[in-house]
Amino acid sequence: MSGQQILGFLKKYTMIFVLIIVVAFFSWRTGGALLLPMNVSNLISQNAYVFILATGMLLCILTGGNIDLSVGSVVCFVGAVGATLMVNKGVPVWLTIVIMIAVGTAIGAFQGFWIAFVRIPPFIVTLAGMLAFRGLSNVVLNGLTVSITNKTTFVNLFGGGADCYIHDVFGNGTLNLTCLLGGLVAATVYVLTQFGSRIKKKTKNYEVEALWIFVGKLVAIVAVIMAFAYKLAQHKGIPTVLIWVLAVILVYAYITGNTTIGRHFYAVGGNEKATKLSGINTDKVYFLAYTNMGFLAALAAMVTIARLTSAQPTYGQNYEMDAIGSCFIGGASAYGGIGTVPGVIIGAVLMGVINLGMSLMGVDANMQKVVKGLVLLAAVIFDVVSKRGGKLFAKN
């Protein structure tokens, strides 16, 4: 392998190496507490909203580095509407879920209309939304907390109750065998999918990576999947919220990587004028990006109020920053047109590990924000500098 290939390999997998180093560091500093089964499970539950929102935020960023500042407030507002309907109005759980999804999607479409068709800058529209929906959340809740503890169906479905784990159909031993089987199935599907993709590329004479790199990557990822499944199996098994997170990841990874509309997002971010001249409706792409963001904000709202078993006017604060940070840390370009769902998930996991690790170490909450800010800045600097061929300073 040439020096250029090694450099390209390191650049491609930089954040994975960083994640490994960060996990190792916090495991050492916490005496191994970071990797305890309960903490691994908590990492998923506490950061589920980040995975969901970051996936939607990626589509907005792909269109040209645009972001949605309103998602935290939308999460709070949709959660407030849902809790109020279930508790104060007696609306059935399933109907409430439909209404929450409809409200979130409608908000996304409303903001998408001004961005896509009127061409008001996304920063302005979503900043207005951040203020407006935070205020409306207080109006809906009257500044009070609405508890949904007794709504066990909703809470367990979206991963917030004590029983919000997939039942072990093989017994109640020390290890959750259903969880281990799920990990094995996931690893097998991944391997078969990757081999199928490689064979398809070779058939079409596309360039593929060296066999030893391909096999090494498969072995490493399978090992991570099985280790993760084993840790969960030692606790209570597969959290319900993990099913929602995996569904979002798989669906959007397929959309961005294997569909025409998915390629349109990359095209708009790469060169909007050229994309428009090629016959693609760029207005529609912007509209879909922000409508989808509203839909995923509604799902994140369900996950949030289920985990906290209540709705409060303060929920969702800084959620947008976590989502945006995960995207940029995971390799999304600040200029748009570059980024993947797997990369965003790596960024979200890195943010989650940093949060959990510092919490276990007893680091002050304010210093945690400082560290997260520096990590985000470092990721964006890396992206910008790498696009200049390693030159730190821009030419005038």
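Rule-based calculations on the coordinates, nothing more; no lab input. Here the structure is a predicted model, which means the values were calculated and not measured. Here the Cβ is made from the backbone with ideal geometry for all residues, glycine too, and neighbour counts use every protein chain on show.
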Reviewing [x] 35, 27, 18; [y] 32, 29, 21; [z] 31, 25, 20, the figure for semi-axes √(5λ) of the Cα gyration tensor in Å actually calculated from this model sits under [y]
What distance in nm separates the simple spin-label points at LYS276 and TYR190, each placed 7 Å from Cα in the Cβ direction? 4.2
List, in the order given, every pair from LYS204/LYS276; LYS284/LYS372; LYS12/LYS202 whose Cα-Cα distance in the structure shown is over 23 Å. LYS204/LYS276; LYS284/LYS372
Out of SER45, LEU141, HIS167, whose Cα points farthest toward the positive end of the dipole of the chain (charges: +1 Lys, Arg; -1 Asp, Glu; placed on Cβ)? SER45
Once both labels are modelled 7 Å past Cα along the beta-carbon direction, what's the ALA102-LEU175 spacing in nm? 4.8
Under 12 Å by backbone N from the virtual spin label 7 Å along Cα-to-Cβ at GLN317, the residues of the range 336-369 are none
Which of GLY270, ALA223, TYR286 sits farthest toward the positive end of the charge dipole of the range 153-300, with +1 on the Cβ of Lys and Arg and -1 on the Cβ of Asp and Glu? GLY270
For the chain, size of Cβ-based charge dipole, Lys and Arg +1, Asp and Glu -1, in debye: 920
In whole Hz and in residue order, list the ³J(HN,Hα) couplings for the range 344-356 that follow from phi through the Karplus curve 6.51 cos²θ - 1.76 cosθ + 1.60, θ = phi - 60°; x for Gly and Pro. 4, 5, 4, x, 5, 5, 4, 4, x, 5, 4, 4, 5
Cα to Cα, under 16 Å, and not fewer than 8 places away if on the same chain: which aspartates and glutamates meet these conditions relative to LYS231? ASP168
Once the piece of chain linking ALA132 and GLN368 is laid out straight, how much longer is it, given 0.36 nm per residue of separation minus the C-alpha distance between them? 82.1 nm
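Calculate for the chain the 222 nm mean residue ellipticity that helices alone would give, adding -39,500 (n - 2.57) per DSSP H run of length 4 or more and normalising by residue count, nearest 500 deg cm²/dmol.
-24500 deg cm²/dmol
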